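Before any comments, here is the structure.
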Amino acid sequence: MGSTLGHIGIIFGVGAMMGRLLADAGGAQRIAMTLIEKFGKKRIEWAVIISSFLVGLAMFFEVGLVLLLPIIFSIAKELKIKPMNLAIPMLASLLVTHGFLPPHPGPTVIATGYHASLGLVLMYGIIVAIPTVIISGIFFNKVDKKIVPSAFKKDGNEMALGDAKERPLDETPGFGVSTFTAVFPVIILMGASIVEMIQELTHFHKGLAFQIIQYIGNGDTAMILSLLVALYTMGIQRKIPLKEIGKSCSNAAAAIGMMLLIIGGGGAFKQVLVEGGVGKYIAGLFNGASISPIIMAWVVAAILRLALGSSTVAAISTVGLVLPMVGAASPSMLALITLATGAGSATFSNVDDASFWIIKSYFNLNMKETFLTWSLMATVVSIVGLAMILLIKMFVA
């Protein structure tokens, strides 16, 4: 548990604070409302996807969901459409960022377990995420309306939102500074990875400048710098009292306590599998078989997701089972195996997954409708994600 949380705890804690500052200052609301206004009613699904994706980069799935739901309901009411029409694009974006992109819990822990580069995981993850979110959020939404039309005729359960309120738009930070704050960790991690790849290809001497870039591109350093940027852009620059800034950060740190326990428990469970020899036994079963470790990682993660419910615990546990099969894989291959594990852990959310009941409640769905909307969409994300990973493998691994 300690080895799992030792490095990960810093990234999660700092990432949660950054996301909370963005939410409390109204930056996430500004991103969503600006894009929705620019795209208009005819392309509203695209606006929801892009805004949810940008918000999802900085926030955990549950936080992004709670933050965006009031906005989704208010837009649906204004445009006189049912909330579920906007829910699928929003959920697809949040799930894709949660499953494929650091600093989210799943991909960060998996990358650490496989000793994969966070920067490479993020870079390939974005390449996988963009087509995946378009297919699962836009095209699947159109198909799903024909599969389960009753779900798209419901008003949803606004009472479940509690006392959630939106700020007046003129009291929120600007769109540019809000977007910059949300994507700042991505800029740092991807920038450092690109520089490192160029250095390896050109065999350029690793001087002081390269060492500084490598240090800044480390996951811990990148998130701490991102938090400092958020403290300024979402707090100090807006003349928000330090007491309120501190309260936002402390609330964020307190809110991730249960998540850290789940991740720590998942890490301990993974180690039990490793020490018990389960991973080596499974590797032995497939010894001599031509199955790709990418496929293997996806299959194991999908099975564990169905059995355990939690996508994060399923992903962490998969590392212990698949690691013996990885061997001396290249950095690119390790990154792709990390993403395949994340894709598998997104498969078919069912009744032993808390998010299943959250979405059922918010959108006032019955069991069948929840399975044919949220659960089916999660499976589309998983399968399309795997297909994109295999496509990338043809070129880089």
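FYI, it's all coordinate maths here, none of it is from the lab. Here the structure is a predicted model, which means the values were calculated and not measured. Please note: Cβ atoms are built from the backbone with ideal geometry, for glycine as well, and neighbour counts cover all protein chains shown.
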Task: Cα gyration tensor, the stretch 261-397 - rounded (a/c under 1.5), prolate or oblate - done: oblate
Task: Pair V272, K153: separation of 7 Å Cα→Cβ label points (nm) - done: 4.8 nm
Task: Within the stretch 57-73: backbone nitrogen closer than 18 Å to the K38 label point (7 Å, Cα to C-beta) - done: 57-58
- [ ] Kindly rank 13-20, 179-186 from highest to lowest mean number of other beta carbons found within 10 Å of each residue.
- [x] 13-20, 179-186
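Give the calculated FRET efficiency between S3 and K368 to the nearest 0.05, with a Förster radius of 51 Å applied to their Cβ-Cβ distance. Walk me through the numbers before you get to the answer.
Values: r = 43 Å, r/R0 = 0.84.
The pair S3/K368 has a calculated efficiency of 0.75.
How long is the gain from Y232 to N350 if the chain were fully straight, where each residue apart is worth 0.36 nm and the alpha carbon distance is subtracted? Provide the component values of the computation, followed by the final result.
Details: separation 118, 0.36 × 118 = 42.48 nm, distance 4.08 nm.
Gain on extension, Y232 to N350, equals 38.4 nm.
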Task: Phi-based couplings in Hz for the stretch 120-132 (Karplus 6.51, -1.76, 1.60; Gly and Pro marked x) - done: 5, 4, 5, 5, 5, x, 5, 4, 6, 5, 4, x, 5
Task: Selection from G327, V109, F152 lying farthest towards where the dipole of the chain points positive, charges on Cβ - done: F152
TODO: Read phi for every residue in the stretch 18-31 and hand back ³J(HN,Hα) as whole Hz from Karplus 6.51 cos²θ - 1.76 cosθ + 1.60, θ = phi - 60°, with x for Gly and Pro.
DONE: 4, x, 5, 4, 5, 6, 5, 7, x, x, 5, 4, 4, 4
Task: Spacing of the two label points (7 Å from each Cα toward its C-beta) at V143 and A387, in nm - done: 0.8 nm
Task: Gained length - Y215 relative to V183, 0.36 nm times residue gap less alpha-carbon distance - done: 9.6 nm
Task: Contour excess over end-to-end distance, with Cα ends at F175 and Y281 and 0.36 nm allotted per residue - done: 32.9 nm
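Taking the convex hull of the Cα atoms, report for the chain its projected area averaged over all directions, in nm². Walk me through the numbers on the way to the answer.
Numbers: hull surface 79.5 nm².
Projected over every direction and averaged, the Cα hull of the chain covers 19.9 nm².
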- [ ] Report, in whole Å, the centroid distance computed from the Cα atoms of the stretch 8-79 and the stretch 208-224.
- [x] 28 Å
Task: CD proxy at 222 nm, helix term only [per DSSP H run n ≥ 4: -39500 (n - 2.57); per residue of the chain; nearest 500] - done: -24000 deg cm²/dmol
